[in-house]
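Values in this text are rule-based calculations from the coordinates and carry no lab data. Everything numeric in this text was worked out from a predicted model, so none of it was measured. Every residue, glycine among them, receives a Cβ derived from its backbone with ideal geometry; neighbour counts consider all protein chains shown.
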Amino acid sequence: MLDERKTAILRAVVQEYIATGQPVGSAHVAAFAGVKVSPATVRNDMAMLEQEGYLVQPHTSAGRIPTDKGYRFFVDALEPAGQPNKVTAERVGSFFNHATGRLEELLQRTSGLLTDMTNYAALVMGPSAEVATVRSVQVVRLSPRIATVVAVLSNGVVQSESVDIDEAVSDAQVAAASAHLNAAAYGHVFSQVHLAPTGDGGVDKVCVDALASLRPHQTDANVIVGGAAAMAQAFDAVDVVRSVLTALEQQYVVVSLVKDVVDRGLTVAIGSEHGIEPLSACSVVVAPVIAEGEKLGTVGVLGPTRMNYPQALATVEAVSTQLGRRLSEGGQG
């Protein structure tokens, strides 16, 4: 454990490097509030922090920069963690108070909000439809041979799929099929919906086809990665930018990253801690979205290890809280 003086020096180095992106020298650190010792003493302590793996000196004559271990110490010492300031809380609150539309649109705009507020890539993982129960299903005829099936799920997702129907099926049969399917599906997950035959072949076929059109989408990963372009400006090395952007384009990489960090009970994974090599120059800050006591998704940001952790934690926490509240209210409009 670091003593109070070394903790203050390490905190000063991290804060200055986050702000400037330049290696930090001892004279600069000595001028920080809370560091009440001479540059020579700071220089000695910085050398010891380097030996202990908290700092590294990129060039012989340069100052020092934090390592992943240094950032981890800084993040763990933050208190209170993730408390949004008044401006952050008001901006996020106003966004969700005025947001309208379907869940998919809300998540897309939430991604934009996270990027706008942090200048990092936003990671928004929506609720899994696989475990959501059905609130309502409607089959609506659009033309003699085409109908649309609209399902509203307990997680706020609205699904809409087209199905082919026989011209010989009457509008009354379509309406009967809609009522039968709604009654059978209400309160169940799609995989457990049991359709009892009605005795009317036309009605039964519409029900079966409508249900079949909805089922394949229940395992779809609903993940949105926004603001990837903002990441291009966060790194000097072109090869690092290319590696990061390529990884963010692969949805399974993002899904496994977010899932692993959340499953390990972390809110921040720094550099190599998250185990995804192409993103080893990045940190991720995540928070689960809780609605009515149930985890319905995850929001987060991904940025360089030199990210503004206090701001990222506060923003992600505020967004996850408000999104969870919005989903608890049920519905998007």
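Go ahead and estimate [θ] at 222 nm for the chain from helices alone: -39,500 (n - 2.57) per DSSP H run with n ≥ 4, summed, over the residue count, rounded to 500. Can you show the working numbers first?
Values: 12 runs with 152 residues, N = 333.
Dividing the helical sum by the residues of the chain leaves -14500 deg cm²/dmol.
Please tell me the relative contact order of segment 131-218 in percent, rounded to the nearest whole number, where contacts are Cα pairs under 8 Å and at least six residues apart. It would help to have the intermediate numbers written out before the result.
Numbers: 144 pairs, mean separation 26.9, N = 88.
The normalised contact order for segment 131-218 reaches 31 percent.
According to the square roots a ≥ b ≥ c of the eigenvalues of the Cα gyration tensor, what is the shape class of segment 131-218, taking rounded for a/c under 1.5, prolate for a/b larger than b/c otherwise, and oblate for the remainder?
Numbers: a/c = 2.09, a/b = 1.50, b/c = 1.39.
Taking the square roots of the gyration eigenvalues as a ≥ b ≥ c, segment 131-218 is prolate.
Just to be sure I understand the model, the point goes 7 Å from the Cα along the line to the Cβ. What's the resulting Met1 to Ser61 distance in nm?
About 4.1 nm, to one decimal.
Are there DSSP H segments in the chain that both extend 15 Å or more along their axis (alpha-carbon positions) and score a mean Kyte-Doolittle hydropathy of at least -0.5? List them, or say none. Please report the intermediate quantities before stating the final value.
Details: long enough: 4-20 (24 Å, 0.03); 39-51 (18 Å, -0.42); 86-98 (18 Å, -0.36); 103-118 (22 Å, -0.06); 171-185 (21 Å, 0.53); 201-214 (20 Å, 0.99); 238-249 (17 Å, 1.10); 251-263 (18 Å, 0.96); 309-328 (28 Å, -0.03).
Span-like helices, by this rule, are 4-20, 39-51, 86-98, 103-118, 171-185, 201-214, 238-249, 251-263, 309-328.
Fully extended, how many nm does the chain gain between His98 and Gln251 (0.36 nm per residue separation, minus their Cα-Cα distance)?
Values: separation 153, 0.36 × 153 = 55.08 nm, distance 2.93 nm.
My answer for the length gained is 52.1 nm.
Expected output is a single nm value to one decimal: the length gained when fully extending between Asn308 and Lys295, i.e. 0.36 nm times separation in residues minus the C-alpha distance. What is it? Intermediate results must be reported in sequence, preceding the final value.
Numbers: separation 13, 0.36 × 13 = 4.68 nm, distance 2.64 nm.
Additional length available on full extension: 2.0 nm.
Go through 297-306, 235-244 and give me the packing order, highest mean Cβ count within 10 Å leading. The partial results should precede the final answer.
Details: 297-306: 25.3, 235-244: 14.4.
In decreasing order of mean packing, 297-306, 235-244 become 297-306, 235-244.
Students often get this wrong: which residues of segment 276-297 have the backbone nitrogen under 13 Å from the point 7 angstrom along Cα-to-C-beta of Leu78?
283-287
Count the lysine pairs in the chain whose Cα atoms sit under 29 Å apart, keeping only pairs 8 or more residues apart in sequence or on different chains. Provide the component values of the computation, followed by the final result.
Working: Lys6/Lys36; Lys6/Lys69; Lys36/Lys69; Lys69/Lys259; Lys86/Lys295; Lys259/Lys295.
The number of close lysine pairs in the chain is 6.
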